[in-house]
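The structure appears right after this line, and notes come after that.
Read-outs: derived from the displayed coordinates by stated rules, not from any lab. Please read all numbers here as calculations on a predicted model, not as lab measurements. Cβ sites come from the backbone with ideal geometry, for glycine too, and all protein chains shown count toward neighbours.
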Amino acid sequence: MAKVLEGPGMGLMKKWGIHVPNYVVVTSVDELTKLGQANDWMKTSKLVAKAHEALGSRFKLGLVKVGLDLNGAIAATKEMIGRQVGSITVSQVIVSEMVPHKEEYYCAVKSTREGSEILVANCGGIEVESNWDRVKRLCLEVGQAPSAGQLEKLLKDAGFTGPLAKKMGDFAGKMFTCFDSEDAQYLEVNPVVTRESDGELVALDAVTLLDGDAKFRHPDWNFQFAAEFGRSYSKDEVEVMAVDSKIKGSVKFIEIPGGDTAMLPAGGGASVYYSDAVVARGGKLANYAEYSGDPPDWAVEVLTEKVCSLPGIKNIIVGGAIANFTDVKKTFGGIINGFRKAKGDGKLKGVKIWVRRGGPREKEGLDAMRALKDEGFDINVFDRNTPLTDIVDKALQK
Amino acid sequence: MSILANKDTRVVIQGGAAGVNAARRMAEFCYLIKRPLTVEAFVYPPDAGKTNEVPYGSGLIAIPIYKTIAEATKNHPAINTSLVYIGADRAMKGGMEALDDPNIKVVSMITEGVPEKDAKLLGAHARKLGKVFNGPSSIGIISAGACRLGVIGGAFDNLVLSKLYREGSFGVITKSGGLSNEIIWICSQFADGITTAIGIGGDAYPGTDYVSYLEMFENDPQTKAVVIVGEMGGDLEERAAEWYGAKKRRVKLIGVVSGFCQESLPKGMKFGHAGAKEGMKGEGSARSKSDALKKSGAIVPATFGALGPAIKEAYQELLKSGQVKEPVEPAVLPRLPKSVEEAMKADEVMVAPLIRTTISDDRGDEPCYVGYPASELINKGYEIPHVIGLLWDKRLISKQDAEIIKRIMMLSADHGPCVSGAYGTILAACAGIGLSQSVAAGLIMIGPRFGGAVTDAGRFFKYAVDNKMSVDEFLTYMKMNHGPVPGIGHRVKSLRNPDKRVKELVGYVKSLNIKTPCLDFALAVEQVTAVKKDNLILNVDGTMAAVLVDIGFPVDSLNGFFILSRTIGLIGHWVDQKRQDSRLIRLFDYLVNYAAPKRREVPPLK
């Protein structure tokens, strides 16, 4: 799943005929000043300025300012750009027009196992969150678009009547078209409002999640996907992602600050069981990592270096199930090179390494790991006869 | 018995290299259970009409490649299953093609990164047709003792260790490929092994879910218990729990779920498979799944590590109730033939080498010339003549000898466009022939009359010196036994028009004050022959030959100095012609003496 920021998200909605407020995304005060001279709406409407970053709780952080005139928006932008929040530096601000309205509604389309689901409610904003039972759903099979009749019934169920029901039906229909055509996994507009000036329904705030795997058929997705966990990616994370995008198989790396147990396991399934075992034993994860699909040894070496560079680690868990086709000797070769480099750089002092693995050329791979003992590594190596996560128990034994 | 894959399964593989690799793994399994190869065809348009070679035992089986599924099933009507190894952007089209073929009942997709919508469309299409669509991102399906689809099960040794050569009593369903193998191994160590193991793929919406497969296992009398390995995200495990709890089931259900670590991670942080995403309001969390399974009556060990003992306990109960009997292991299992390399490593065979080398070895990280690593030679200041010394005479020559060789090469690198070698190369270049062939056309000219006299000149001068012959004795010997002296005589140069190259080389070598018996002898020979006829001078071939013999090079290598040096010139001529974009040339009629019979009538054929 790939999260898309408001700007590009609203761009996609606009493309499919959904009304959105006028907006601009700027990276400097100069840019906003020039845009203010060029666009009448910026001079005549009240404006909202928001930090355009993957940040939660922007309101609390003072990164959303409402009811501004152009000068106010310029001042707010000046204040926000360059502000440091955790690991994120605010580099973009989205300035949009405020849309005067009275009523608020809710509309979303989400992916389900069978296909998709259209959700509507005749309340919106914070109200819908506390009145979730007012949300009505229309389930659709994959490949099926909602008929006029189905939408009519959905809107009726949700308590919409008269011309508004017709308008909201159109709106939901367009949301579905956007969802389906853009390979979205989740689209949410909260609130949908009636614009007082022309009576049209407008999407005021949008959450857009797209299917990153479908990027190949959307050449117009010219935006970056945002990190999904409320911070930007670190330098090491970005480096591992760059390696991942180049290779057969995969390597993954996410840092968890403050942990002391470093993870270097194989496989998307086993890696989570290893993480569970650490947490169950009362350990603190320093990262998530995973390599799979028989990646080249140099890629595993890069991953290993990053894992060894995590601050304050006491144990490294080099776990893995019995591989189907990942060559244990080759991938362990990459890990061993990474360990040697880290040791040469003065890292791994007092760090214990725990290994468990099976699969093609397991004997050669495990023997090579064992031989690291002679080079002064504090390493403990186990084969398939030791259950998967037992090395975590041994590592975290008090 | 087993589900999905059985003894009647016959397979077409859609895709290229990854598919061929899977076929090899499948052939290893077929060999282990002593059954014919299940893969009957490939569909891969770029190679249609060719075959893929799949090792089976110590032999190779040629499997035909077709352009379409329809062609494959028409030629191989027993095919009922397709494995899809096509790239994510074309996977849906390939999967649909397979599902739409009336002969194919099961399609398993290995491709990773397939868009969610495509996976759903494939799943829905299969359900409509009453077929099975497994995956995407599936590691494969394996039925012990019967059939393997894909690389699931791992290497041959692991197939044996996990007792996949015969049926057990446990069904396995996992999302993770690596863990499927782990569970198969656990079932073989803590119980009697598996019936069928299915990798359903780690995506958010697998084409076929736990419930459909649980239903199949429930209807397979050989399967007594099913192990499912779940993960956070989605609701597949909840649905499985719902199915299990709905009524009394014949099979035992054992399940573990991963993702408890989520509870203590920073909010929003997610990892693992694509499908491992927690929904809103805690639904799809590891805890809710685990609780749902427990509530349904399934056996849910607290940790992955406790899975083995839980499986063991379930197996002991099955044994006690008489539902299963201890399996009988076969006395002898086929062993996968080793490759020659593996067998040699294990000291099991000795192979008589086909060729022998005494000069060069590149099996390490860089080539070694007579044992010396090339990089070390470079870094210690050695040059091309030293490499020649090593590869042609297996010795590190002195700096001074290297200088002589360098000068010889510089002097003989080219001799204009008119000589046989250069002309041959130019003629070929003008005909549009490529570099290596054009240079070869020039090199072919080197022989007894052009450039190829170095070796012979060296041989005879050396013979004379070794046998302490006088110049007269030598000339008589040559006249009696061999004819003109190689290295003596030139087409255009003469005493009055001396060859500057010879003068230069002789002058340099003489200035070094080294012993040059051959050169001295050759010069003495010239003194006599040039008097007889003024172009019978010591030519550049003869001079090179004498000097090279004097600095110790073996006679057989001497022509090599001319060939090597002149190659520099020949390459130059080719590049020169190419850059000028020279046109095809042919001889003018006036350059030919037409001495053939005049035109005449052809007699009737007898």
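At-a-glance table
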quantity: 25 Å Cα-Cα reach of B:LYS67 towards lysines, excluding residues that sit fewer than 8 places from it in its own chain; calculated: B:LYS50, B:LYS93, B:LYS105, B:LYS131
quantity: Chain lengthening between A:HIS218 and A:PHE59 when straightened (0.36 nm per residue, less Cα-Cα); calculated: 54.0 nm
quantity: Exposure proxy ranking, count of Cβ atoms within 10 Å, fewest first, for A:CYS123, A:CYS139; calculated: A:CYS139, A:CYS123
quantity: Shielding by partners - mean other protein chain Cβ count within 10 Å, residues of A:211-221; calculated: 4
quantity: More than 12 Å apart - percent of Cα-Cα pairs taken over the range A:281-331; calculated: 67 percent
quantity: 18 Å Cα-Cα reach of A:LYS102 towards lysines, excluding residues that sit fewer than 8 places from it in its own chain; calculated: A:LYS46, A:LYS167
quantity: Span-like helix ranges in chain B, DSSP H, alpha carbon extent 18 angstrom or more, Kyte mean at least 1.6; calculated: none
quantity: C-alpha long axis of helix A:297-308 to longest principal axis of chain A, angle in °; calculated: 80 degrees
quantity: Average partner coverage of A:109-122, which counts Cβ from other chains inside 10 Å; calculated: 2
quantity: Distance violations [Cα-Cα > 32 Å] among A:LYS156/B:LYS289; A:LYS153/B:LYS252; A:LYS15/A:LYS166; calculated: A:LYS156/B:LYS289; A:LYS153/B:LYS252
quantity: For the range A:168-298, fraction of C-alpha pairs farther apart than 23 Å, in %; calculated: 54 percent
quantity: Square roots of 5 times each gyration tensor eigenvalue, C-alpha, the range B:399-487, largest first, Å; calculated: 33, 18, 9
quantity: Relative packing of peptides B:190-196, A:253-259, A:205-211, A:62-68 - highest average C-beta neighbours within 10 Å first; calculated: B:190-196, A:205-211, A:253-259, A:62-68
quantity: Cα-based convex hull, chain B, per residue volume (Å³, whole number); calculated: 319 Å³
quantity: Ranked B:MET469, B:MET26, A:MET168, criterion: other C-beta atoms within 10 Å, fewest first; calculated: B:MET469, A:MET168, B:MET26
quantity: Shape metrics for the range A:104-217, restricted to C-alpha atoms - Rg then Dmax, Å; calculated: 13.6, 42
quantity: Descending semi-axes in Å of the range A:22-97, equivalent ellipsoid built from Cα gyration tensor; calculated: 21, 12, 9
quantity: Value at 222 nm in deg cm²/dmol, rounded to 500, when DSSP H runs of n ≥ 4 in chain A each add -39,500 (n - 2.57); calculated: -10500 deg cm²/dmol
quantity: Zero-based 5 Å bins, Cα pair distances in the range B:166-208, whole percents; calculated: 6, 25, 29, 19, 12, 7, 2
quantity: Value of D in µm² per second that Stokes-Einstein yields for the protein assembly as shown, Kirkwood Rh from Cα pairs, at 20 °C (1.002 mPa s); calculated: 61 µm²/s
quantity: Fewest-first ranking of A:LYS167, B:LYS338, using other Cβ atoms within 10 Å as the exposure measure; calculated: B:LYS338, A:LYS167
quantity: Expected 222 nm ellipticity per residue - DSSP helices of 4 or more, -39500 (n - 2.57), all of chain B, to 500; calculated: -12500 deg cm²/dmol
quantity: Whole-number D in µm² s⁻¹ for the range B:420-580, Kirkwood Cα-pair radius fed into Stokes-Einstein, 37 °C, 0.692 mPa s; calculated: 197 µm²/s
quantity: Straight-distance crosslink candidates among aspartates and glutamates, where the alpha carbon sits under 17 Å from A:LYS78 and sequence neighbours closer than 8 are dropped; calculated: A:ASP30, A:GLU31, A:GLU53, A:ASP69
quantity: Cα-based Rg and Dmax for the range B:491-606, where Dmax is the largest Cα-Cα distance (Å); calculated: 22.6, 76
quantity: Kirkwood-type radius of chain A, with distances r between different C-alpha atoms, in Å; calculated: 24.2 Å
quantity: Volume in Å³ per residue [convex hull over Cα atoms, computed for the range A:243-398]; calculated: 96 Å³
